[in-house]
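**Q** Just dropping this structure here.
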Amino acid sequence: MVDIHDAVARGPRRVTIADIARDLGISKAAVSYALNGQPGVAADTRQRVLDRATELGWHASSSARALSGAQTGVVGLALARPPDLLTIETFFMHFLAGVEKVLTEANMSLLLRVVGDHPDDEIHVYERWWGERRIDGVILMDERYHDPRIKAVERLGLPAVLCGGPVKTTAMPCLWTDQVGDAAVAVQHLVDLGHRRIAHVSGPKDFVHERARRRGVRRAAAAHGVEVVTVEASYTGPQAGQVTHHLLSDGSPPTAVIYGSDVMALAGLAVAAECRVQVPRDLSVLSWDDSVLTTLVHPSVTALHRDTPAYGALAAGVLLDLTQGRNRGLVQVQPSSLEVRRSTGPAPRR
């Protein structure tokens, strides 16, 4: 009998099914059946194989899994966002933490790729991953208007869950957020404080969630007879700051601003200070995203709070269910709650 431990000690060679079969004195077919959970091998033999494989540090080959059609135990996620944004945008880190928690519990892995601000490259990544059988499914983030990824993954037959929607033209499970409801909460808070001129500095309207937020703010403002102006900006601080400077320089500036993210809100605070506009005495600031950043500045920022790790965990769970044949359809994400802090106050008298 070959001593596999001696063989492994001589170098980093991967332990194979043939090694396990030779070590136990059984056929390679029996080992394969045992490792893949297939019938055709006695229970005690199966346990011997599994125990020995664990002792020797055996891992399934991804190429072998691809040839056999077995699942890879890997979930894919590509982000079409500028890499620099991820260093300051906390949402994705919290989302990924939730995804990883579920995958770790399921003994699965995450394959992550940041493709920059190039949505078409995201599709190419999925085509390559699926063609090479490196993944079992994907999580689609940042739904875009007329998003081409939906038809692309359907064409590939690639299991996917969309963090967005609901989309009427697809059977893909969607995790949708009531952005209109969140907008109503934000506007109501400002209206209750007496604000009648509100600005909404939204993120890029290419994103479906930003379009929904814009509709929600307009609808809520109209219901209260409140004036609202919406201005588009990137999620980076500098552009949000430029927009804020323009708003505050207007002859009739807003008394409150709703920003599309925490980073944008912090940029707005900085510009307000430069313009000698006091928050919240002269201007109230509200962020659509909450994070630790909103609590570390002065004044702390009122924000719509979501359990982002739970959101990531839900996305991973829905995808794992889909790979097992259970499509959960439309799943509504838990509504946001408003964390009222010191950046919002009564409207100034002008």
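The values are calculated or read from the model by the stated rules, or taken from the named source; none is laboratory data. All values derive from a computational prediction rather than experimental measurement. Heads up, the Cβs are rebuilt from the backbone with ideal geometry, glycines too, and the neighbour counts pull from every protein chain shown.
**Q** Does residue 277 count as β-branched (Val, Ile, Thr), touching a helix residue (DSSP H, G or I) at 6+ places or on another chain (Cβ under 7 Å) and over 24 Å from residue 163 (Cβ atoms)?
**A** yes
**Q** Here's something else I'd like to know. When the residues of the stretch 191-212 are narrowed to those that are surrounded by fewer than 21 Cβ atoms within 10 Å (Cβ to Cβ) and in contact with a Lys or Arg (Cβ under 7 Å, 6 or more places away or on another chain), which ends up nearest to residue 268 (Cα to Cα)?
**A** My answer is 205.
**Q** So how many residues does the stretch 331-350 have that are touching a residue at least 60 places away in the same chain (Cβ under 8 Å) and over 22 Å from the mean Cα position of the chain (by Cα)?
**A** The number of residues fulfilling the criteria is 9.
**Q** Which numbered condition in (1) in contact (Cβ under 8 Å) with a residue 12 or more places away in the chain; (2) surrounded by fewer than 17 Cβ atoms within 10 Å (Cβ to Cβ) is the only one that residue 291 fails?
**A** The number of the failed condition is (2).
**Q** Going through 249, 291, 284, 300 one at a time, which residue ends up being of a type outside the set (D, E, K, R), more than 27 Å from residue 104 (Cα to Cα) and at pLDDT below 95?
**A** 249
**Q** If only one of 215, 281 is surrounded by fewer than 17 Cβ atoms within 10 Å (Cβ to Cβ), closer than 23 Å to residue 340 by Cβ and among the basic types (Lys, Arg), which one is it?
**A** From the options 215, 281, the qualifying one is 281.
**Q** Still on this structure, please answer the following. Restricting attention to the stretch 223-238, which residues are modelled with pLDDT under 95, buried (at least 16 other Cβ atoms within 10 Å of the Cβ) and either of a type in the set (Asp, Glu) or assigned to a helix (DSSP H, G or I) (or both)?
**A** Within the stretch 223-238, 237 is the sole residue that qualifies.
**Q** Got a number for residues in the stretch 311-343 being among the aliphatic types (A, V, I, L, M) and exposed (fewer than 15 other Cβ atoms within 10 Å of the Cβ)?
**A** 2
**Q** How about the stretch 151-174: which of its residues are under 18 Å from residue 136 (Cβ atoms) and either at pLDDT 95 or above or within 18 Å of the chain's Cα centre (by Cα) (or both)?
**A** 153, 159, 160, 161, 162, 163, 172, 173
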